[in-house]
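Remarks on the structure that follows.
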Protein chains: 2
Amino acid sequence: MKEHEIGTLRFGLDLSLPLYEQIVNQMRGSIARGEIALGEKVPSVRELAQGLKINPNTVMSAYKELERDGLTETRRGQGTFITHSQETVDQFRSEWAEKAIDDFIEKMDNLGYSLEDISSIIQRKKEGRV
Amino acid sequence: MKEHEIGTLRFGLDLSLPLYEQIVNQMRGSIARGEIALGEKVPSVRELAQGLKINPNTVMSAYKELERDGLTETRRGQGTFITHSQETVDQFRSEWAEKAIDDFIEKMDNLGYSLEDISSIIQRKKEGRV
DNA sequence: TCAAGTGTATTATTAGATATAATACACTTA
DNA sequence: TAAGTGTATTATATCTAATAATACACTTGA
């Protein structure tokens, strides 16, 4: 996986997912984990495209999705910025965690694992007994 | 989601995933949960295609993947059958659970949730306090 | 023996998603 | 006013998924 440093951000792209989705995921993560400050400017569409050696339209796709999430605000002529609303970030973070959890539980249920089973497995992982 | 009964099996298809993947997932689940007996015959390619109102080639794709999993054996002229090996089924089940767990943990980590956090959330789910 | 029911292979076509390419336009700021 | 922003448009290429229509190989039971 090629690692890129663009501005203050680190990106790694591979072939596991569409490029624009990987960008969205990594930005969502950086924002949710608080690694990007509220209101901070993110790389411009062209700058990120050059840095990652991909097409500007692909970056645009990613940025549009982040704006739909409410995680960024764009100002024509100025750039794209992280939202100022900590509440929006927190809400996004818990909503996405909830989705991930429910999907996971459903997948495990399909394989015949109960919540009880899942709980023990997580417990084992926590104790390092893989 | 349209529900179909084909032979002893119940299928439901939607638009969330490729059709062949949904078939594979639902068969994997039925097998892993032990709802289909070892050695049992599954619907023929044409029968399942007719029942689900989809193309036989799509069913073929799904059945090929199940065979790659080792979960089924096909006998030309006779049909497709669940493996006789309980060990294969058990191993498949735990391998796929492991994958699901690791993917889930990675996704949660990206959002800034620790194993400890995950553990509490599962605990809450278990106690019904959503 | 043969018809019916199996899996399998092939070729063609369509539709949608993804990514690239090349421009052009609108806006902001120094 | 030039340089750097976001945005929109049109075109092209590639890949995956699904369908369609056949054809062939094998097994079984009447």
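The values are calculated or read from the model by the stated rules, or taken from the named source; none is laboratory data. Small disclaimer: the values here were computed from a predicted structure and weren't measured. Cβ sites come from the backbone with ideal geometry, for glycine too, and all protein chains shown count toward neighbours. What goes into the accessible areas is simple: the full protein's heavy atoms, side chains included, and nothing from ligands, DNA or RNA. Shrake-Rupley method; radii C 1.70, N 1.55, O 1.52, S 1.80 Å.
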message: Within the range B:43-72, take every residue that is open to solvent by 60 Å² or more (accessible area, probe 1.4 Å) and part of a helix (DSSP H, G or I) and give me the one that is farthest from B:Thr83 (Cα to Cα).
response: B:Gln50
query: Checking A:Phe81 against (1) under 20 Å from the mean Cα position of the chain (by Cα); (2) assigned to a loop (DSSP other than H, G, I, E, B), which single condition isn't satisfied?
result: (2)
query: Within the range A:32-42, is there a residue that is crowded, with 19+ Cβ neighbours inside 10 Å, more than 30 Å from B:Ala100 (Cα to Cα) and over 13 Å from the mean Cα position of the chain (by Cα)?
result: yes
message: Could you go through the range B:103-113 and let me know if any residue there is surrounded by 18 or more Cβ atoms within 10 Å (Cβ to Cβ), assigned to a helix (DSSP H, G or I) and under 16 Å from the mean Cα position of the chain (by Cα).
response: no
- request: Could you grab the pairs with beta carbons closer than 6 Å, sequence gap of 6+ or different chains, first residue in the range A:9-23 and surrounded by fewer than 12 Cβ atoms within 10 Å (Cβ to Cβ), second one not basic (Lys, Arg)?
  value: A:Gly12/A:Met1; A:Gly12/A:Glu3; A:Asp14/A:Met1
- prompt: If you go through the range B:12-19 one residue at a time, do you hit one that is at pLDDT 95 or above and within 19 Å of B:Glu95 (Cβ to Cβ)?
  reply: no
Selection count where residues are free of Cβ contacts under 8 Å to residues at least 24 places away in the same chain and either away from DNA strand D (no atom under 14 Å from the Cβ) or more than 13 Å from chain A (Cβ to nearest Cβ) (or both), scope the range B:24-33: 3
message: Given the criteria at the interface with chain A (Cβ under 9 Å from one of its Cβ atoms), modelled with pLDDT of 95 or more and at negative phi, does B:Asp103 qualify?
response: yes
Failed criterion for B:Gly39 (all others in (1) within 16 Å of DNA strand D (Cβ to nearest atom); (2) assigned to a helix (DSSP H, G or I) hold): (2)
field: Close pairs from the range A:115-128: first of a type in the set (A, V, I, L, M, F, W, C), partner open to solvent by 60 Å² or more (accessible area, probe 1.4 Å), Cβ under 7 Å, at least 6 apart
entry: A:Leu115/B:Lys126
Failed item, numbered, when A:Gln78 is tested on (1) under 28 Å from B:Asp103 (Cβ atoms); (2) within 14 Å of DNA strand D (Cβ to nearest atom); (3) surrounded by fewer than 13 Cβ atoms within 10 Å (Cβ to Cβ): (1)
